[in-house]
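The values are calculated or read from the model by the stated rules, or taken from the named source; none is laboratory data. Worth saying up front: this structure is predicted, and the values here are computed from it rather than measured. For neighbour counting, all protein chains shown are included, and Cβ atoms are generated from backbone atoms with ideal geometry for every residue, glycine included.
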């Protein structure tokens, strides 16, 4: 697992750039994906420590991507943070049920994004030990 790499899977290029910029300022290395299929390929090769994924994306949605991550022994310990404009309780529960560690509603607060992701990565490291 790449100890500093975060995958940002988001089909909105402006939001993907904002998330990437925020995480890089926090000291992470990032790689972006415009859809779930691209994200899945990157995960298999790069083994990121964390994944920030939109729920609704083309080719493979965030929940399907999360299930793929959790079923792969090489990536199952990656922290997964879902982001979505859907913030109803049933949407959040569906995201967490699919295997996400956390769920943030859009619009995103950069500070909350970093804090949440850091906590999820720390928790995943403890679980994986």
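From the list 25, 41, 56, pick out the single residue that is more than 16 Å from residue 110 (Cα to Cα), surrounded by fewer than 16 Cβ atoms within 10 Å (Cβ to Cβ) and modelled with pLDDT of 95 or more.
41
Quick one: how many residues across the range 98-126 are assigned to a helix (DSSP H, G or I) and loosely packed, with under 14 Cβ neighbours inside 10 Å?
6
Output yes when any residue across the range 74-97 is surrounded by 20 or more Cβ atoms within 10 Å (Cβ to Cβ), in a helix (DSSP H, G or I) and touching a residue at least 24 places away in the same chain (Cβ under 8 Å), and no when none is. The answer is yes, given that some residue of the range 74-97 is surrounded by 20 or more Cβ atoms within 10 Å (Cβ to Cβ), in a helix (DSSP H, G or I) and touching a residue at least 24 places away in the same chain (Cβ under 8 Å). Scanning the range 26-67 for residues that are farther than 14 Å from residue 80 by Cα, in contact (Cβ under 8 Å) with a residue 24 or more places away in the chain and in a helix (DSSP H, G or I) returns 38, 42, 44, 46.
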